[in-house]
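I have placed the structure first, in the form of C-alpha cells, so that the comments after it can refer back to it.
The values are calculated or read from the model by the stated rules, or taken from the named source; none is laboratory data. What you see is a predicted model, and the numbers here were worked out from it, not measured in a lab. Glycine also receives a Cβ, built like all others from the backbone with ideal geometry; neighbour counts cover every protein chain displayed. Side chains are part of the model used for accessible areas, which takes the heavy atoms of the whole protein and leaves out ligands, DNA and RNA. Shrake-Rupley method; radii C 1.70, N 1.55, O 1.52, S 1.80 Å.
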Amino acid sequence: MTDIAREAGVSLSTVSYALSGKRPISAETRERIQAAIARLEYHPAASARALALKRTSLLGVAVPQREAVDAHVIMAFVSSFLAAAHEQDFDILLVTAEDHARTLRVVDEGKVDALIVMDLVEDDPRIPSLARLTRPVVLIGYPDETGGLTCVDFDFLAAAEDAVHQMHRRGSQRIAMVTSPASREGRTPTYAHRARLGYTRACRDLGIPVEIVEIAADLEEVSTFVAAEILDGAGHDGLFVHHERALPLLGRAFAAAGVDCPEAVQVVALAPKLVATTGPWDVSGVDLPIATIGRTAVTMLLEHLADREAPRRSRLLSPTFQARGTTRG
C-alpha cells in the first residue's frame, strides 16, 4: 500500500479508503490509485484478504468419485456451482466426498466459508457430523432424516411417477425401469431411492407389473437385454430409463436390433437434457435441471452465510415432461 500511495501521489490512508470502501473519495483520486495498482501489478494476498474480510470467499463442494457416478453429470454440477458462486465473488474448492474426515478438516480449519455436500444416501452416516459444523451446510439430496440441515434436490419421486404415467397414457402396458446396479456397499443414493419409489408407486396405481432391471453401462450387456427382454417376446412395451451412462448404449442396441421406437417400445428417460438429446436418438423424458439445482444450492448457502440465524428450509424442484422422438403423440 505504501508503494501504491507513492506511485499515485496520495496518502497511505487514501489508498486504504479506496481499497476498503470505508470512506468516499473522488472519482479522479480513485482512478489514479487504480492506475497505480495496474502499473505495479498489485494483487491482494488471499490470506490477508481473508483476515480483513473475515471470510475466505471459498465455498467447499464435496463431490463423489464412485465408479458408478457419471463424471460428465458431476462436472455439469460443478460448472453450475462455479457460475453461481462467481457472480457473488466466491470461488469453489472441490473435496472428495468419500474422504469425509478430510472434508470436515477443511471446514473446521476455516479453509472454506460454507459447504455443499453431494451424493447423499439414505441414513447417511455423515449427517450428524455435518450438522455439528459451525459453518453453513447445504445438502444436495433428500434423505428422510436431514439433521436439521438445508436440502436442495430435484423431485425424483414425482419425475418417475410422471414418466410412467406419460407412457401408460400413450398406450404402454408393461413398463420396466432400467437403472444402474446397486452399489457394492449396499447404500442407495437418495435420488435413486426416490426414483425407484416413484416408479413403483406409479405402476401399482396403474395396476401394471413392477419390473426393475439393473444393468451395467456396457454395450454387450445392454444388447443382450434388448434381445432377451424386447425381441424375444418378454412383452415390454415401455422403458423408464434412469441410467445416464446406459441411455446412448440402449439407443445403439435398438438401432442394431431394428426395434421400432416408439411404435413397438416407448422410452422415457430421467436424465440431463444434454444426455437425452445427444447420441443416436432424441429421447423423451423428464430433464434433470442441473444448472437450476446448482444455482439454488449456492444461493441458499450464501443466504445462510449472510444470516446464520435464518430458519433452515429445504426445496424440491418440480419436474416437467418433454415429449420428443421416443414416445407416441
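Mind pulling the angle between the C-alpha long axis of helix 247-257 and the longest principal axis of the chain? Nearest 10 degrees, somewhere in 0 to 90. Computed tilt is about 30 degrees.
D by Stokes-Einstein for the stretch 81-127, Kirkwood Rh over Cα pairs, 4 °C, 1.567 mPa s: 108 µm²/s.
Between helix 290-306 and the chain there is an angle of about 40 degrees, using the helix long axis and the longest principal axis of the Cα atoms. If both residues of a DSSP beta bridge must be in the chain, then about 10% of such bridges are antiparallel. Once the chain from Ala264 to Thr134 is taken as fully extended at 0.36 nm per residue, the excess over their C-alpha distance is 41.2 nm. Using a cutoff of 8 angstrom between alpha carbon atoms and counting only pairs six or more residues apart, the relative contact order for the stretch 176-281 works out to 30 percent. Gain on full extension, evaluated as 0.36 nm per residue between Gln88 and Glu145 minus their Cα-Cα distance, stands at 17.5 nm.
Computed from the C-beta positions of Asp205 and Arg328 and an R0 of 25 Å, the FRET efficiency is 0.75 to the nearest 0.05. In the chain, the portion of solvent-accessible area held by carbon and sulfur atoms comes to 50 percent [1.4 Å probe, whole percent, DNA, RNA and ligands not counted]. The residue list Thr326, Met75, Leu239 was ranked by how far each Cα lies along the charge dipole of the chain toward its positive end, using unit charges on Cβ atoms, and Met75 comes out on top. Axis of helix 190-206 versus longest Cα principal axis of the chain: the two differ by about 30°, to the nearest ten degrees.
Summarising the amide proton neighbourhood of Leu93: residues at separation of 5 or more, or on other chains, whose placed amide H is nearer than 5 Å comprise Leu59, Gly60, Val61. According to a simple spin-label model (label point 7 Å from Cα along Cα-to-Cβ), what is the distance in nm between Arg174 and Ser16? Between Ser16 and Arg174, the simple spin-label model gives 8.1 nm.
Assuming charge only on the beta carbon of Lys and Arg (+1) and of Asp and Glu (-1), the dipole of the chain about its Cα centre is about 1260 debye to the nearest 20. Across the options Pro125, Phe90, Ala159, the greatest Cα extent toward the positive end of the charge dipole of the stretch 71-202 (unit charges at beta carbon of Lys, Arg, Asp, Glu) belongs to Ala159. Cα extents for the chain along the principal axes, largest to smallest and rounded to whole angstrom: 86, 39, 31. Here each label is just a point 7 Å from Cα along the line to Cβ, and for Thr96 and Ala227 those points are 3.9 nm apart.
For the chain, modelled as a GNM whose springs connect Cα atoms under 10 angstrom apart, the maximal fluctuation among Ala83, Ala306, Ala163 occurs at Ala306. For a test of the definition: using alpha carbon positions, the gyration tensor, and the 1.5 limit on a/c, classify the stretch 149-203 as rounded, prolate or oblate. In terms of gyration-tensor shape, oblate. Computed about its Cα centre, the charge dipole of the stretch 54-156 is approximately 580 debye, with only Lys, Arg, Asp and Glu carrying charge at their Cβ.
Dipole orientation for the stretch 188-329: of the candidates Leu250, Phe225, Ala192, Ala192 has the Cα lying most toward the positive pole (charges on Cβ; Lys, Arg +1; Asp, Glu -1).
Remark: relative contact order (the chain) = 17 percent; criterion is Cα-Cα distance under 8 angstrom and separation of 6 or more residues.
Counting 0.36 nm for each residue step from Asp70 to Thr29 and taking away their Cα separation leaves a gain of 9.5 nm.
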